[in-house]
Amino acid sequence: MILSLNLDVASGYKSLSQRARVMTEAWVEENLYCPACPSDHLAPERAGRKVVDFTCHDCDEQFQLKSQSHPFGPRVTNSAYEPKIKAIRSGTNPNYLFLRYDPTAYTVRDLFLVPKHFMTPSLVERRRPLSESARRHGWVGSNILIGNLPVDARIEIVKDGRETPKSKVREGWSRFLFLREQTVYSRGWLADVLASIRKLDKEVFSLADVYAFEGELSELHPRNKHIRPKIRQQLQVLRDQGVIEFLGRGRYQIRKA
Ligand SMILES: [Zn+2]
């Protein structure tokens, strides 16, 4: 993988954002492999198809690219709200690639992937409708709350200008594929409980540690009145899927990938 961007492809473009888009898209096409299968190429989609930018022709996974020159914060602005929620519910939403480039050295600094199986409606924030004066007045956009995702949902492909081994990226992808077999509702619970566990930042943790997130979890799932049983249920699923181990007496351990 070569981390420098090809400036030649942007020669016909004046605006910075267009140049960045063209260069980062060309970079993905030239350098990125499919994280979901052994294919070493992602094919760009025809311009005009707004939601999908790249497709793997071997496994049909679709990827949307978001590029910017500053670090990604906890929320990233994204496309129209309603279509996105619909796509998540029907499982037709793409996977997301978040790329940060260095605007002076023209290199890829960071690139991480958020697989679509981690996306749930609660991660999509509705933005205020555009004002009367706007050309697309009334249009409602969205933010993706990437800050609420467990670290497992953020698969680093390049970090601080260093490439992660391909095999590790593909492992990170397949480890949580079981989420695709869950309903969107259960997926949300699993991801939220996993995010809580990851926030503890300990290898061994107790049930009481996870119960400490009861308040936060009930805010995320306001209709559920039985948060603690729900937490225990998610821990069981995570154990069955080999993500955590039960050590007995209310203690748990995160298994190494
Ligand atoms: Zn593939």
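The values are calculated or read from the model by the stated rules, or taken from the named source; none is laboratory data. Computed from a prediction, not measured in an experiment: that's the story for all the values here. Methodologically, a virtual Cβ is constructed for each residue, glycine included, from the backbone with ideal geometry; neighbour enumeration extends over all protein chains shown. To get the accessible areas, we keep the full protein, side chains included, count just its heavy atoms, and leave off ligands, DNA and RNA. Shrake-Rupley method; radii C 1.70, N 1.55, O 1.52, S 1.80 Å.
Has the range 122-138 got at least one residue that is touching a Gly at 6+ places or on another chain (Cβ under 8 Å), open to solvent by 40 Å² or more (accessible area, probe 1.4 Å) and either within 16 Å of Arg187 (Cα to Cα) or within 16 Å of the ligand (Cβ to nearest atom) (or both)?
yes
Quick grid of which residues meet (1) within 17 Å of the chain's Cα centre (by Cα); (2) within 14 Å of the ligand (Cβ to nearest atom); (3) under 22 Å from Gly161 (Cβ atoms):
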position: Gln18; (1), (2), (3): no, no, no
position: Thr24; (1), (2), (3): no, no, yes
position: Asn31; (1), (2), (3): no, no, yes
position: Arg46; (1), (2), (3): no, no, no
position: Asp58; (1), (2), (3): no, yes, no
position: Gln62; (1), (2), (3): yes, yes, no
position: Gln68; (1), (2), (3): yes, no, yes
position: Gly73; (1), (2), (3): yes, no, yes
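Checking the structure you have, find out if any residue of the range 104-117 is within 15 Å of the ligand (Cβ to nearest atom), of a type in the set (D, E, K, R) and at pLDDT 90 or above.
Yes, the range 104-117 contains at least one residue that is within 15 Å of the ligand (Cβ to nearest atom), of a type in the set (D, E, K, R) and at pLDDT 90 or above.
Just wondering, is there one or more residues in the range 176-183 that are over 30 Å from Arg223 (Cα atoms), out of contact with any strand residue (DSSP E or B) (no Cβ under 7 Å at 6 or more places or on another chain), open to solvent by 50 Å² or more (accessible area, probe 1.4 Å) and outside any strand (DSSP E or B)?
no
Just the residues that are surrounded by 15 or more Cβ atoms within 10 Å (Cβ to Cβ) and modelled with pLDDT of 95 or more, please, taken from the range 219-231.
Within the range 219-231, Ile227, Lys230, Ile231 meet the criteria.
Can you pull out the residues in the range 77-93 that are within 30 Å of Gly161 (Cα to Cα) and either surrounded by fewer than 20 Cβ atoms within 10 Å (Cβ to Cβ) or without any contact (Cβ under 8 Å) to a residue 12 or more places away in the chain (or both)?
Across the range 77-93, the qualifying residues are Thr77, Asn78, Ser79.
Does any residue of the range 142-159 turn out to be open to solvent by 30 Å² or more (accessible area, probe 1.4 Å) and on the phi > 0 side of the Ramachandran plot?
Within the range 142-159, none of the residues are open to solvent by 30 Å² or more (accessible area, probe 1.4 Å) and on the phi > 0 side of the Ramachandran plot.
For the range 94-147, give me each residue that is of a type in the set (Phe, Trp, Tyr) and part of a loop (DSSP other than H, G, I, E, B).
Tyr106, Trp139
Just one of Lys66, Lys86 is within 29 Å of Gln182 (Cα to Cα) and in a helix (DSSP H, G or I); which is it?
Lys86
Answer yes or no: is there a residue in the range 188-195 that is buried (at least 20 other Cβ atoms within 10 Å of the Cβ) and in contact with a Gly (Cβ under 9 Å, 6 or more places away or on another chain).
No, the range 188-195 has no match at all.
Please specify each residue of the range 215-239 satisfying the condition of being free of Cβ contacts under 8 Å to residues at least 40 places away in the same chain and of a type in the set (A, V, I, L, M, F, W, C).
Passing the criteria: Leu217, Ile227, Ile231.
Quick check on Gly242: is it in contact (Cβ under 8 Å) with a residue 12 or more places away in the chain and exposed (fewer than 15 other Cβ atoms within 10 Å of the Cβ)?
yes
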